Amino acid sequence: MSRALSAPALPAPKIQPPALLAALALLLGTGAIGAVVSPRQGALFLLGGALGLVLYHASFGFTSAWRVFIAEGRGRGLRAQMVMLALAVLLFFPVLASGALFGTPVKGSLAPLSTGVVFGAFIFGIGMQMGGGCASGTLFTAGGGNARMLVTLLFFVIGSVLGTVHFDWWLSLPALPPVSLVQSFGAAGGIALSLALFAAIAAITVFVERRRHGALEREAPSPTQGFARFARGPWPVVAGAIALALLNFVTLALAGRPWGITSAFALWGAKGAAALGFDPASWSYWQTPANAQALSSSVFTDVTSVMNFGIIAGAMLAAGLAGRFAPSLRIPLRSLVAAVIGGLLLGYGARIAYGCNIGAYFSGISSGSLHGWLWLVAAFAGNVAGVRLRPIFFR
């Protein structure tokens with residue numbers, strides 16, 4: 001009669017100096033931004049830190065979840081995304097229907113059903129697999145010490161700027177006006193329809209996984225439990241999904257609109273282009289009142305930029321707590337080329353598609369915007385193409 005052996009307890013990882021630096025940056029940054037800009041802006045920086053910590057500890061990657069399902073038929077990551085979206089619509093739709101949250105006006109992330117959404121999401125999907133991450137994945141892995149993702153992030157920014165140069169041309173192509181499930185069916189009807197779609201997607205992943213593997217994959221047990229697991233990870237992926245939905249709702253309460261990432265990349269790139277002697281203010285994209293004000297102001301007054309800075313710091317904090325902050329500059333040439341190509345596709349695609357996996361997919365669907373569903377279909381098709389291209393660049 002065999003007897004199962006328990007795994008030996010692993011020593012707790014040593015907290016690394018980057019964790020202390022990141023914690024100090026989050027504390028001082030929150031105070032400084034709160035004093036110079038506004039307390040709400042400081043809170044958004046700290047909220048970004050919480051998002052970065054959750055993304056890192058839960059390893060919540062949209063890119064890897066889609067790649068594993070496409071290549072291997074494993075759907076645990078996709079099902080976690082459906083849990084995240086289901087909780088988000090339950091929170092968002094009633095508030096968006098009323099138009100206010102705690103007395104603050106709120107609005108969803110709505111966008112047209114355009115040619116740019118289809119093409120942009122498709123090339124964004126390819127870029128996810130070439131660059132090795134999505135918008136949120138690029139930020140939290142770069143903050144966690146992945147040097148290759150800094151390359152992806154740089155070219156993500158460059159691609160975003162190129163997207164603003166051509167933005168008016170993409171606007172001239174055929175498009176349908178924005179469609180809101182909340183406005184079309186009401187909060188209850190929109191929730192019911194959305195939950196049915198999430199359940200259908202989850203059921204498809206279960207069917208595919210059981211057909212290919214006979215049983216559903218189970219999450220590996222963690223060597224740490226209790227508070228140690230909370231502080232140092234890894235978290236269950238479903239815990240990450242729930243936390244991201246809740247934190248997106250907090251973003252809606254503080255910022256008046258859902259979480260977004262990539263508009264800040266375009267802003268950073270435009271400011272960099274101006275420093276190099278270009279005149280982005282003459283481009284039509286930067287001539288709308290909101291964009292013109294963002295371009296002429298400090299990045300610390302921009303909600304998305306401040307939250308992105310927080311995500312990087314939060315991920316660095318998580319990596320340091322987990323004892324896994326170990327940057328390496330030894331990047332294979334083909335992988336480096338893939339990071340450049342992927343970053344450009346990610347940046348350009350996100351800008352013409354009105355957002356990324358966060359702004360268009362997560363926040364778009366959570367807002368009841370039909371463009372979020374269109375983005376999902378086109379981006380998934382792009383991921384299928386990207387997975388087929390990966391062997392050219394990766395072993």
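I need LYS107, LYS14 ordered by Cβ neighbour count within 10 Å, fewest first.
Values: LYS107 12, LYS14 8.
If I rank by nearby Cβ atoms, fewest first, I get LYS14, LYS107.
If you wrap a convex hull around the alpha carbons of the stretch 142-214, what volume per residue comes out, as a whole number of Å³? Walk me through the numbers on the way to the answer.
Details: hull volume 16.2 nm³, N = 73.
Convex hull volume per residue, Cα atoms: 222 Å³.
Give the calculated FRET efficiency between SER172 and SER296 to the nearest 0.05, with a Förster radius of 41 Å applied to their Cβ-Cβ distance. Please report the intermediate quantities before stating the final value.
Details: r = 26 Å, r/R0 = 0.64.
Computed FRET efficiency for SER172 and SER296: 0.95.
Give me the number: length gained by fully extending ASP279 to ARG334, i.e. 0.36 nm times residue separation minus the C-alpha to C-alpha distance, one decimal in nm.
Values: separation 55, 0.36 × 55 = 19.80 nm, distance 3.39 nm.
Computed gain between ASP279 and ARG334 is 16.4 nm.
Assuming 0.36 nm per residue, please report the length gained on full extension of the stretch LEU246 to LEU195 beyond their Cα-Cα distance.
On the way: separation 51, 0.36 × 51 = 18.36 nm, distance 1.72 nm.
Between LEU246 and LEU195, full extension yields 16.6 nm more.
Could you give the DSSP H helices of the chain that reach 30 angstrom or more along their long axis (alpha carbon positions) and whose average Kyte-Doolittle hydropathy is no lower than 0.0?
Numbers: long enough: 76-98 (34 Å, 1.60); 181-213 (41 Å, 1.12); 370-393 (35 Å, 1.03).
Helices meeting the criterion: 76-98, 181-213, 370-393.
Give the Rg/Rh ratio for the stretch 37-155, taking Rg as the radius of gyration of the Cα atoms and Rh as the Kirkwood radius, to two decimals. Before the final figure, lay out each step's value.
Values: Rg = 16.9 Å, Rh = 16.8 Å.
In the stretch 37-155, Rg relative to Rh is 1.00.
Please list the three semi-axes, largest first and in whole Å, of the ellipsoid equivalent to the chain, using sqrt of 5 times the eigenvalues of its alpha carbon gyration tensor.
Ellipsoid semi-axes (Å, largest first): 31, 26, 23.
About the Cα centre of the chain, what is the dipole size in debye to 20, counting +1 per Lys and Arg Cβ and -1 per Asp and Glu Cβ, all else neutral? Intermediate results must be reported in sequence, preceding the final value.
On the way: 24 positive and 7 negative charges, 247 e Å.
With Lys and Arg at +1 and Asp and Glu at -1, about 1180 debye.
Which one, HIS57, HIS213, HIS371, has the greatest fluctuation when you compute a Gaussian network model over the chain with C-alpha springs under 10 angstrom?
So, out of HIS57, HIS213, HIS371, the one fluctuating most is HIS213.
Rounded to the nearest 20 debye, what is the charge dipole size of the stretch 231-373 about its Cα centre when +1 sits on each Lys and Arg Cβ and -1 on each Asp and Glu Cβ? It would help to have the intermediate numbers written out before the result.
On the way: 7 positive and 2 negative charges, 83 e Å.
I would put it at about 400 debye.
Please compute the modelled spin-label separation between ILE392 and GLU219, points set 7 Å along Cα→Cβ, answer in nm with one decimal.
3.6
Say the dipole of the chain comes from +1 at the beta carbon of Lys and Arg and -1 at that of Asp and Glu; which of GLY186, VAL206, LEU24 then lies farthest toward its positive end?
Highest projection toward the positive end goes to VAL206.
Which one of GLN41, PHE140, LEU346 is farthest out on the positive end of the charge dipole of the chain, using unit charges on Cβ (Lys, Arg +1; Asp, Glu -1) and the Cα centre as origin?
Projecting each Cα onto the dipole axis, the largest value belongs to PHE140.
Suppose we take every Cα in the stretch 40-83 and form the convex hull; what volume per residue is that in Å³? Spell out each step's value before the answer.
Details: hull volume 3.3 nm³, N = 44.
Roughly 74 Å³ of hull volume per residue.
Pull out the extension gain between ALA381 and GLN183, defined as 0.36 nm times the separation in residues minus the alpha carbon to alpha carbon distance; nm, one decimal.
Values: separation 198, 0.36 × 198 = 71.28 nm, distance 2.84 nm.
Between ALA381 and GLN183, full extension yields 68.4 nm more.
In the neighborhood of GLY320, defined by Cβ-to-Cβ distances under 10 Å, what is the net charge if each Lys or Arg adds +1 and each Asp or Glu adds -1? Let's see the in-between values first.
Working: positive: LYS14, ARG232, ARG324; negative: none.
Value of the local net charge: +3.
Please report how far the C-alpha centroid of the stretch 224-252 lies from that of the stretch 17-83, rounded to the nearest whole angstrom.
10
Taking the Cβ of GLY382 as the centre, find all other residues whose Cβ is under 14 Å away and add up their charges (Lys, Arg: +1; Asp, Glu: -1). Provide the component values of the computation, followed by the final result.
On the way: positive: ARG67, ARG388, ARG390; negative: none.
In short, +3.
Given Cα pairs under 8 Å that are at least 6 residues apart, what percent is the relative contact order of the chain?
Details: 750 pairs, mean separation 156.1, N = 395.
For the chain, the relative contact order is 40 percent.
Every read-out reported here was derived from the displayed coordinates using simple, explicitly stated rules and does not represent laboratory data. Model, not experiment: these values are computed from the prediction. In this analysis, Cβ positions are derived from the backbone assuming ideal geometry, glycine residues included, and neighbour counts consider all displayed protein chains.
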